[in-house]
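Colleague: Take this structure, written in structure tokens, and hold onto it; I'll ask about it next.
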Amino acid sequence: MATQIKFGTSGWRAVMAEEFTFTNVRRAVSGIARYVKSQKPQEARVIVGRDPRFLGETFCSMAADILASYGVTPLVISDAAPTPAISYAVIHEKADGAINFTASHNPPEYNGIKFSTPDGAPALPEVTKQIEAQIASEGAATNGNKASAQSLDVKPTYLARLREIVDLAAIKKSGLRVVFDPLWGAARGYSDSLLREAGLQVQTVHDYRDVLFGGHAPEPDDHLLEPMREKMRETKAHIGIATDGDADRFGIVDEDGTFLQPNYVIAILFDYLVDSRGWKNGVGKSVATTNMINALAKHHGVELHETPVGFKYIGELIKQDKIAIGGEESAGLSIRYHVPEKDGIIAGLLCCEAVAKRGKSLTAQLKELFAKVGSFYPLRENFRLTPEVKEKFTKKLRVDPQEFAGRRVREAVRKDGLKLVLDDGAWVCYRLSGTEPVVRVYSEASSEPALSKLSAAAKQWIFE
């Protein structure tokens with residue numbers, strides 16, 4: 001029986017040679033081709049790109065052949081390309097979508113297919129449902145007019161866009177020393193080449209293709225950035241910037257080696273963009289992202305948009321020009337006048353700009369924000385549930401508690417999962433995973449001891 005191919009918020013991902021097989025890739029691409037033809041019967045053009053994973057070139061060539069057989073012109077990117085660069089290319093080329101072979105920050109044994117719509121954004125559920133229906137229908141190519149593949153280089157136009165957004169002159173003037181870690185991924189030759197072109201001292205680690213990503217997930221997380229820290233110590237760098245496998249997520253390390261969790265990076269950049277660009281049109285964040293954003297929005301007199309988890313919601317706000325910046329605690333952000341897609345490259349470059357123009361480390365900037373709007377200590381934890389505990393806990397989540405950990409619940413937010421805001425502003429958010437027996441627990445308090453107590457209470461509440 002054929003595998004059911006389901007597209008989540010970031011496309012379809014699976015383990016290679018298990019579900020991610022040539023047969024299933026052909027089925028998925030054929031379904032996308034039929035969907036594109038249903039939207040634009042004549043002269044449709046679809047970009048085909050990839051990250052540096054195993055067999056990426058082969059999958060791109062297969063996809064190009066399938067699209068061409070449906071009369072859809074494939075615009076094939078020969079080199080590995082960042083997801084945000086592909087997103088920008090869709091807009092710039094006025095293409096009818098993009099097929100991107102990537103499993104983002106997943107471990108090396110995974111691959112995936114991500115489909116972007118003509119606006120450069122990740123396909124929304126109403127689109128992916130139609131694609132899934134096309135895949136299930138297993139229709140055949142009926143178009144007699146076979147299209148010819150064309151090649152596309154997305155790098156020059158995307159870098160030109162970054163030059164317009166980022167104040168490279170100010171970064172150069174500051175004499176900033178930077179270390180960049182693309183984690184063997186798609187951003188190789190992007191962030192570093194742009195900074196070098198501006199005359200900066202940039203060192204790059206992991207600057208070669210490795211389809212195994214050093215034997216772990218290409219995730220720019222604290223515990224995987226030690227080689228970048230070593231190079232920073234060696235070169236006395238002011239900042240370290242990292243991106244994941246397809247460069248849609250970021251990881252930032254300060255000059256003293258401190259990893260800045262994404263919650264803080266989004267807060268600093270929000271404050272910086274209001275200061276430096278005067279953008280006060282709004283700010284977007286997922287319900288699980290730090291309430292420091294809420295406090296800063298109030299401080300700056302900016303409208304706050306709190307969304308369910310999933311960058312597509314932030315992307316919609318960017319498309320409508322409702323926000324200066326939008327971000328998620330899982331290290332995804334984008335900004336005004338840019339792509340409606342996560343961009344780890346722009347995140348790192350704007351952090352360099354903020355350090356250069358303010359003449360202060362990111363940690364110093366964070367301390368100033370704490371002094372301005374109060375201190376925030378966020379945490380994310382995952383807990384595995386037995387079937388019995390999951391059933392009992394699912395029922396529990398349906399009721400709004402009046403009290404939590406001996407304190408009054410000020411507000412129960414149900415935008416995504418259940419978020420309980422307590423009387424002192426501390427909060428806990430529970431989200432059940434749709435794919436595994438896990439509950440994700442996000443908590444935040446105004447001090448580390450208070451967070452520790454809240455985290456213990458949050459865990460107890462699941463299992464009691």
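Colleague: How many residues are at negative phi and touching a helix residue (DSSP H, G or I) at 6+ places or on another chain (Cβ under 6 Å) if we restrict to the stretch 179-193?
Modeller: Result for the stretch 179-193: 6.
Colleague: Keeping to the stretch 187-230, report how many residues are of a type in the set (G, A, S), more than 24 Å from E329 (Cα to Cα) and in contact (Cβ under 8 Å) with a residue 60 or more places away in the chain.
Modeller: 1
Colleague: Return yes when S69 is out of contact with any Leu (no Cβ under 8 Å at 6 or more places or on another chain), small (G, A, S) and surrounded by fewer than 20 Cβ atoms within 10 Å (Cβ to Cβ) and no when it is not.
Modeller: yes
Colleague: Related question: Could you go through the stretch 424-431 and let me know if any residue there is closer than 20 Å to Y264 by Cβ, in a loop (DSSP other than H, G, I, E, B) and not hydroxyl-bearing (S, T, Y).
Modeller: yes
Colleague: State which residue pairs qualify: first residue assigned to a loop (DSSP other than H, G, I, E, B) and inside the stretch 407-419, second residue at pLDDT 95 or above in any location, beta carbons under 6 Å apart, and separation of 6 or more residues or different chains.
Modeller: So the pair list comes out as K415/V287; D416/V287; G417/C429; G417/Y430; G417/R431.
Colleague: Does V46 meet the test of being more than 23 Å from the chain's Cα centre (by Cα) and not in a loop (DSSP other than H, G, I, E, B)?
Modeller: No.
Colleague: Quick check on F393: is it surrounded by 15 or more Cβ atoms within 10 Å (Cβ to Cβ), among the aromatic types (F, W, Y), touching a helix residue (DSSP H, G or I) at 6+ places or on another chain (Cβ under 8 Å) and not in a strand (DSSP E or B)?
Modeller: yes
Colleague: Only one of (1) within 27 Å of A445 (Cα to Cα); (2) assigned to a helix (DSSP H, G or I) is not met by L349, so which one is it?
Modeller: (1)
Colleague: Which of the following residues is in contact with an Asp or Glu (Cβ under 6 Å, 6 or more places away or on another chain), β-branched (V, I, T), surrounded by 21 or more Cβ atoms within 10 Å (Cβ to Cβ) and assigned to a helix (DSSP H, G or I): V25, V36, V29?
Modeller: V36
Colleague: Where residues in the stretch 256-291 are polar (S, T, N, Q) and within 26 Å of E219 (Cα to Cα), which of them is farthest from the chain's Cα centre (by Cα)?
Modeller: T258
Colleague: Also: Pick from A347, A412, A364, A356: which is in contact with a helix residue (DSSP H, G or I) (Cβ under 6 Å, 6 or more places away or on another chain) and among the aliphatic types (A, V, I, L, M)?
Modeller: Matching residue, one of A347, A412, A364, A356: A356.
Colleague: Any idea how many residues of the stretch 272-296 are buried (at least 18 other Cβ atoms within 10 Å of the Cβ) and either closer than 24 Å to A356 by Cα or outside the structural domain of L362 (by TED's automatic domain parsing) (or both)?
Modeller: So the count comes out to 8.
Colleague: Filter the stretch 110-131 for residues that are modelled with pLDDT of 95 or more and of a type in the set (D, E) and give the result.
Modeller: Selection gives D119 alone.
Colleague: For the stretch 171-214, give me each residue that is part of a loop (DSSP other than H, G, I, E, B) and within 15 Å of C351 (Cα to Cα).
Modeller: G175, L176, L200
The values are calculated or read from the model by the stated rules, or taken from the named source; none is laboratory data. Only a predicted model underlies this, so the values are computations on that prediction, with no experimental measurement involved. Cβ: placed from backbone, ideal geometry, glycine included. Neighbour counts: every protein chain shown.
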